[in-house]
Amino acid sequence: MSALKLVVVTAGLSVPSSTRLLADRLAGAAARELGDAGRQVDLRVVELRELARDIADNLVTGFPPPALRDAVRAVEEADGLIAVTPIFSASYSGLFKSFVDVLDKDALTGTPVLIAATGGTARHSLALEHAMRPLFAHLRAVVVPTAVFAASEDWGANGADGSLAGRIDRAARELAALLAGRPAENRQVEQVVPFEQQLAALRAH
């Protein structure tokens with residue numbers, strides 16, 4: 001059985017970054033869960049900060065530089081995705097959205113995705129539900145029920161049920177359950193029948 005391709009996309013801007021720290025903890029937890037399920041994991045981290053200039057060039061020219069093309073290919077071929085962004089102005093960062101705009105509109109169809117975010121206070125946590133979840137639903141990804149938000153004060157919490165550690169473990173279990181139940185192979189993209197064609201078929205009957 002081939003290894004599952006798990007890709008982590010992190011949009012932190014600073015070094016070190018709490019966004020990257022959260023991404024690493026989520027990836028580690030998911031890899032452990034999959035290992036316990038007897039699945040091997042091929043883990044790839046895509047650090048958007050390193051691709052910021054390439055993303056901007058691609059949006060202007062329409063031609064992705066090699067490093068960006070490689071990152072896009074990794075995401076599009078992934079069996080599962082962990083997407084982590086800082087929250088700015090009650091939504092995902094511009095860098096994160098710009099990278100998503102580079103992807104093919106069908107690239108994430110049926111792909112299990114764990115969404116997560118970081119922010120200064122817990123007031124920003126709703127951005128996961130009103131911004132990130134709808135974004136991936138629009139891309140027809142399968143978003144796991146538990147979204148993980150880490151505010152500044154969360155990094156000192158212990159492992160109780162409502163803590164950051166507890167949320168990370170729960171989200172990782174949900175992602176691993178989806179991944180362990182699907183083969184590590186390329187997906188067949190769902191064929192969308194245009195509305196006009198559906199209407200014509202109904203009229204024929």
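In this structure, is Arg25 farther than 18 Å from Asp154 by Cβ and of a type in the set (Lys, Arg)?
Numbers: farther than 18 Å from Asp154 by Cβ: no; of a type in the set (Lys, Arg): yes.
It is false that Arg25 is farther than 18 Å from Asp154 by Cβ and of a type in the set (Lys, Arg).
Checked across the stretch 76-98, the condition of being part of a helix (DSSP H, G or I) and under 23 Å from Ala180 (Cβ atoms) holds for at least one residue. Note on the stretch 140-153: residues that are open to solvent by less than 30 Å² (accessible area, probe 1.4 Å) and over 11 Å from the mean Cα position of the chain (by Cα) total 5.
Here Ser93 passes the criteria (1) in contact (Cβ under 8 Å) with a residue 12 or more places away in the chain; (2) out of contact with any Ser or Thr (no Cβ under 8 Å at 6 or more places or on another chain) except the one numbered (2). Consider the stretch 2-46 and keep the residues that are in contact with a Gly (Cβ under 8 Å, 6 or more places away or on another chain) and open to solvent by 60 Å² or more (accessible area, probe 1.4 Å). The one that is farthest from Ala116 (Cα to Cα) is Lys5.
Against the numbered list (1) farther than 21 Å from Phe149 by Cβ; (2) over 17 Å from the mean Cα position of the chain (by Cα), Leu68 comes up short only at (2).
Taken over the stretch 117-132, the criterion of being surrounded by 12 or more Cβ atoms within 10 Å (Cβ to Cβ), out of contact with any Pro (no Cβ under 9 Å at 6 or more places or on another chain) and at pLDDT 90 or above is satisfied by Ala127, Leu128, Glu129, Ala131, Met132. Condition (residue is crowded, with 19+ Cβ neighbours inside 10 Å, within 13 Å of the chain's Cα centre (by Cα), under 15 Å from Ala150 (Cβ atoms) and of a type in the set (Val, Ile, Thr)) applied to the stretch 74-83: is it met by at least one residue? For the stretch 74-83, residues crowded, with 19+ Cβ neighbours inside 10 Å, within 13 Å of the chain's Cα centre (by Cα), under 15 Å from Ala150 (Cβ atoms) and of a type in the set (Val, Ile, Thr): present.
The values are calculated or read from the model by the stated rules, or taken from the named source; none is laboratory data. Note that the coordinates shown come from a computational prediction; the quantities given were computed from them, not determined experimentally. All Cβ positions, even for glycine, are placed from backbone atoms using ideal geometry, and neighbour counts span all protein chains on display. The area values use the complete protein model at the heavy-atom level, side chains included, leaving out ligands, DNA and RNA. Shrake-Rupley method; radii C 1.70, N 1.55, O 1.52, S 1.80 Å.
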